[in-house]
Amino acid sequence: MQKIKSITLRNFKYFFGKETEQTQNKIELDKQNLLLYGENGSGKSSIYWALYTFLQSAIKDPRSEIEKYFDPVKDQNLRNRFAQPDDESGIIVEFTAPSGGTIKELKRNTDRTFSINTYRDTFTERALIGSDFINYKFLSKIYDFRNSEPIDLFEMFERDILMFIDFEEAYTEHDGTLSTKTYASDWWKFICDAPNNLPYNGNIVSVGTDEYRRFKHTTIPRFVELLKRFLIDITQGANEYLQQEFNEDFTLSFDVDNIDCDYNKNVSTRAKDGKLHFPKIPLKIFLTNPNLPLQEREVKKPHTFLNEARLTAIALAIRLSILDRRPTFPNSARILVLDDLLLSLDMSHRDKVLDILLSDSFINTYQILILTHDRAFYNMCKNRIQDRFESGWIFKEMYQHQTDTGIPCPFIPEQSNYLDLAKKYLKEFDYPASANYLRKETERVLCKLLPHNLTLFLKNDEGSKTVNLETLIYRFKDYYNSLGGDFTPFLRLKEHKDLILNPLSHDNTHSPIYKLELLNLIKILDELNLISVKTLVDVNDDPNSIFELHESDINNDEWVYEFYPLETFRVLKHPSHNWLIKFPKSHFIRRKNITQNSDFENVNKSYMLDYGYEKIRWTLGTKTNTIDNIKDLKEIIFKDGQKLIEILDTKVSI
């Protein structure tokens, strides 16, 4: 499968200039999935619309329908408003795969010519067919009706879904030849254009012609029949999502018996209206509670009966069911772009949707780009991803920024560059900006050093959220001290947080004292960044990772105890100190006398690992009330035949 290696935006919407001067204009994905936080107004949705515009260009016709987005004289252009008329504007996407890569581009060049290699391009069209774009606006359309109106989904299908439905059957052209187009959007475009292309007698369409009769009595009814067949097909999948994934107590159906489309209806015995009458796709909801009589189970107006979260779940169930039925092509790309997808869902639904998106079936099928302006959701999603995956994801954040000449543009710092940015702004005497990035760096490094559970708190129905900075500082102090670390170099973290990292304290930002405080905090953060952290076992990914503890008894017989950690096993190290290890609670499975080559004996006990080792010494007689032959656990614990100390020395990471 092809995947996106990089996305380059040149003078497109919020992205000003070229990537040679504005490095954030080239977004490197390197075939990985993306989770991106973008504050409001930072240009996050520009990425969504760039990829949407890019893939849609494969089916735009004529070519001028693509060019208008980059032509400064066209009202529908998507150029950056600060770009000069002859500045280059465009979207460049580089794909790569083991079998090779390709670069596709939509550009208006400085000489006013266009470089477009996606128009009628098979690769781009197949990528479009296999991909999807879903944002909160799409999900809201399912309940954007007045109380007096029934839900009609045809407009939503026309705008967002027909282009992905392959009827696997071509329509017939007006001249009687079979077309080569099989997608529902092609059928519908032909139907919408037909009133202007049929034979006319003056101002009245000629109803006696073969073209008219074929269009009215064959093409339109066949379109409706194929659309009904598709709706019936996706109903089962949508209901499986609703009931099995979202645990809802209702099902949906499309009222296919009342879907109709017509042209040139009779308005009297001698007159016709000459209009195309669009179909409607009515949505029905049925409650499944067995205590309700059958006649009471249908919900006449779902948008007035169900809450926003449940209506959003319905829209998602429909879209996911459609997604499951997308065709696949060899050596093509499949991209799933989600822009603030889950904002209207409550926490329980968010959890379920995330579980679906992060499941093997989705991860192995799509390159997923999740975009959000909700910081709490970003943190929750990031934590979920980091719990489940060691690789395959990159995390980025976007902020409002400006060029040296004051032109608004995005700013996308690397996750490890907050400290460098703080130093940069300090040199430029922009102390508030420096303090802002020092706060972000403090949060980042403390979240890296702390166990994941110590960075979170639970809040009612909102699930887990990252704790505030003050709590992070206190928890890190307790944690570091519990490991035997020396917290002395970091004692002033809380003081600096109150004086310079609290935005309400920025009332004297130009004083020499304020600058000195910033410099002192930078020194502390430099010191914190020297601490390396290594996760030896993540119990979420590998809940039964077997270790061995080797110890001798009072007769010098060697014993082996097998155990697995019940908690994530992680270690810290400062270059000038020893290993800092908090041994996790572990389950001791069994033991064996290696010297005597005896059979394994069941232990089946759970202890904190260091306390478990103490119990072992008592059992083996090497610890008594007067002596204790304690050993360094790093020297006697083995994993896959390798000592723990050797694993630490070779696998520690910054």
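The values are calculated or read from the model by the stated rules, or taken from the named source; none is laboratory data. Note that the structure is a prediction, hence the values are computed from the model and not measured. We place every Cβ from the backbone using ideal geometry, glycine too, and count neighbours over all the protein chains shown. When the accessible area is computed, the model is the full protein with side chains, heavy atoms only, and any ligands, DNA or RNA have been set aside. Shrake-Rupley method; radii C 1.70, N 1.55, O 1.52, S 1.80 Å.
Some points to look at:
- Site pair ILE589 and ASN629 shows an inter-label distance of 2.7 nm when each label is modelled 7 Å from Cα along Cα→Cβ.
- Dipole magnitude (debye, nearest 20) for the stretch 296-374, charges at Cβ of Lys, Arg, Asp, Glu: 360
- Helix 44-56 axis, angle to the chain major axis (alpha carbon atoms, nearest 10°): 50
- Largest to smallest principal axis extent of the C-alpha atoms in the chain, angstrom: 114, 66, 50
- Its Cα centre serving as origin, the chain has a Cβ charge dipole (Lys and Arg +1, Asp and Glu -1) of approximately 820 debye.
- In the chain, helical runs assigned H by DSSP with n ≥ 4 each contribute -39500 (n - 2.57); averaged across all residues and rounded to the nearest 500, the mean residue ellipticity at 222 nm is -10000 deg cm²/dmol.
- Nearest 10 degrees, 0 to 90: helix 375-388 Cα axis against the chain principal axis: 70
- Here is the size of the stretch 198-311 from its Cα atoms: Rg then Dmax, 20.0, 63 Å.
- Rg ratio (alpha-carbon, reference 2.2 N^0.38 Å) - the stretch 1-129: 1.02
- In terms of distances greater than 28 angstrom between alpha carbons, the cross-link table entries LYS494/LYS634; LYS137/LYS189; LYS137/LYS465 yield LYS494/LYS634.
- Dipole of the chain, positive end: most advanced residue of ILE637, THR403, HIS174 [Cβ charges, Cα centre]: THR403
- The Cβ shell under 9 Å around ALA97 holds other residues with a net charge of +2, Lys and Arg each +1, Asp and Glu each -1.
- Mean accessible surface per residue for the chain, computed with a 1.4 Å probe while every protein chain stays in place, in Å²: 48
- Degrees separating the helix 308-324 axis from the principal Cα axis of the chain, which is the longest one: 80
- When Rg and the Kirkwood Rh are both derived from Cα coordinates, the Rg/Rh ratio for the stretch 541-616 amounts to 1.04.
- In terms of packing, defined here as the mean over residues of other Cβ atoms within 10 angstrom, the peptides 375-384, 93-102 line up highest first as 375-384, 93-102.
- Along the axis of the charge dipole computed for the chain (Cβ charges of +1 for Lys and Arg, -1 for Asp and Glu, origin at the Cα centre), the listed residues SER148, SER99, PHE123 are led at the positive end by SER148.
- Considering only alpha-carbon pairs that sit under 8 angstrom and 6 or more positions apart, the relative contact order computed for the stretch 501-643 is 19 percent.
- Total formal charge among the other residues, if their Cβ is under 12 angstrom from that of PHE246, Lys/Arg +1 and Asp/Glu -1: -4
- Percent accessible area from carbon and sulfur atoms, the stretch 159-256, protein chains only, probe 1.4 Å: 44
- Across every direction, the projection of the convex hull enclosing the Cα atoms of the stretch 293-370 has a mean area of 7.0 nm².
- Contact order, relative form, for the stretch 154-310: 15 percent (alpha carbon pairs under 8 Å, 6 or more residues apart, mean separation divided by residue count).
- Rolling a 1.4 angstrom probe over the stretch 1-117 with all protein chains present gives an accessible area of which 44% lies on carbon and sulfur atoms.
- Under 5 Å from the amide H of ALA333 lie the amide H atoms of GLN2, ALA127, each residue being 5 or more positions distant or on a separate chain, with H modelled from the backbone and absent for Pro and chain starts.
- Stokes-Einstein diffusion for the stretch 602-654 at 37 °C, viscosity 0.692 mPa s, with a Kirkwood radius from C-alpha pairs, works out to 255 µm²/s.
- Average projection, convex hull of the Cα set of the stretch 500-654: 13.7 square nanometres.
- Just the protein heavy atoms count here, and of the accessible area of the stretch 330-470 at 1.4 Å, carbon and sulfur take up 48 percent.
- log₁₀ of I(q)/I(0) at q = 0.15, 0.22, 0.29 Å⁻¹ - the stretch 519-573, Debye sum with one point per alpha carbon: -0.66, -0.85, -1.04
- Put simply, when 485-492, 366-373, 326-333 are sorted by average Cβ atoms within 10 angstrom per residue, most first, you get 366-373, 326-333, 485-492.
- Length-normalised contact order for the stretch 1-134 - Cα pairs under 8 Å, 6+ apart - percent: 29
- Along the axis of the charge dipole computed for the stretch 1-41 (Cβ charges of +1 for Lys and Arg, -1 for Asp and Glu, origin at the Cα centre), the listed residues GLN24, LEU36, PHE12 are led at the positive end by PHE12.
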